[in-house]
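Peer 1: There's a structure below that I have some questions on.
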Amino acid sequence: MSRIAAWVPPRLILLDVDARDRFHALEIAAVAATQPRGIDPAPWLRALWRREHVGSTVLGCGIAIPHAQVAGITEPMTIYLRTRSPLAFDAPEDEPVSQLLVILVPPNDARDEHLQLLAVVAQLFSASEFRERLLSAMTVSAVGEVFREGVARVISAT
């Protein structure tokens with residue numbers, strides 16, 4: 001759980017993203033995550049897209065949490081992406097999505113950590129104050145601060 005505080009590094013906070021659709025938003029996230037590593041984003045995009053076909057990752061309130069296991073990492077990573085315009089995201093109630101927190105975890109023994117991450121995310125986004133602060137944060141550093149404070153609050157409450 002201590003690594004959660006390092007979530008969403010500045011290079012993986014993408015604001016005002018001009019995504020055409022759900023697939024394109026996931027593609028942008030996969031490219032952002034793999035580009036510094038010099039690896040092909042296609043397998044990561046396929047993993048995210050396969051997960052989307054299993055069931056909607058929309059939480060509600062315009063937020064989706066796409067997540068997948070991917071090879072090539074040794075610890076979980078997250079990408080926060082806020083789109084310029086809301087996207088259809090195949091949500092149960094057809095609610096559009098404008099904020100995505102993409103969670104990528106290493107394969108194999110990461111199941112417990114994956115579930116812990118999802119539990120923390122659910123707690124974070126269940127707080128309307130957190131959602132409102134995140135949506136109104138206009139800079140990468142402001143978004144990072146909202147996540148740091150939110151994660152610290154969730155961790156201290158457990």
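Read-outs: derived from the displayed coordinates by stated rules, not from any lab. Everything quoted here is computed from the prediction, not taken from an experiment. All Cβ positions, glycine included, derive from the backbone under ideal geometry; neighbour counts span all protein chains shown.
Peer 1: HN-Hα J couplings of region 98-106 from phi, Karplus 6.51/-1.76/1.60, θ = phi - 60°, integer Hz, Gly and Pro as x?
Peer 2: 10, 10, 10, 10, 8, 10, 10, 10, x
Peer 1: Enumerate the amide H contacts of LEU59 below 5 Å, restricted to partners 5 or more residues apart or on another chain; note that Pro and chain-start residues carry no placed amide H.
Peer 2: It is ALA64, ILE65, by chain and number.
Peer 1: Taking every eigenvalue of the Cα gyration tensor of region 2-157, multiplying by 5 and rooting it, what semi-axes result, largest first, whole Å?
Peer 2: The answer is 20, 19, 16 Å, longest axis first.
Peer 1: With a cap of 14 neighbouring Cβ atoms within 10 Å, and only residues DSSP puts in a loop, list the trypsin sites (Lys or Arg not before Pro) found in region 1-61. Please list the in-between numbers first.
Peer 2: Working: sites: ARG3, ARG11, ARG20, ARG22, ARG37, ARG46, ARG50, ARG51; in loops: ARG20.
Loop-located and lightly packed - ARG20.
Peer 1: Separate question: Apply the Karplus curve 6.51 cos²θ - 1.76 cosθ + 1.60, θ = phi - 60°, to the phi angles in region 130-137 and return the couplings in whole Hz, x for Gly and Pro.
Peer 2: Each residue's phi maps through the Karplus curve to give 4, 4, 5, 5, 5, 5, 8, 5 Hz.
Peer 1: Using the Karplus equation 6.51 cos²θ - 1.76 cosθ + 1.60 (θ = phi - 60°), what ³J(HN,Hα) coupling, rounded to whole Hz, does each residue of region 146-157 give in order, writing x for Gly and Pro?
Peer 2: Values, residue by residue: 4, 5, 4, 5, x, 5, 4, 5, 5, 5, 5, 7 Hz.
Peer 1: Once each part is reduced to its C-alpha centroid, what is the distance from region 106-158 to region 4-70 in angstrom?
Peer 2: 16
Peer 1: Name the residues whose placed amide hydrogens come within less than 5 Å of the amide hydrogen of VAL8, ignoring near sequence neighbours (fewer than 5 apart) on the same chain.
Peer 2: Those lying under 5 Å, H to H, from VAL8 are THR78.
Peer 1: In addition: In nm, give the distance between the simple-model label positions of SER141 and HIS24, each being 7 Å from the Cα along the Cα-to-Cβ direction.
Peer 2: About 3.1 nm separates the two model spin labels.
Peer 1: Here's a follow-up. VAL17's amide H: which non-local residues (gap 5+, or another chain) put their own amide H closer than 5 Å, with H modeled 1.01 Å from N in plane and none for Pro or chain starts?
Peer 2: Amide H neighbours of VAL17, under 5 Å, 5+ apart: ARG82, THR83, ARG84.
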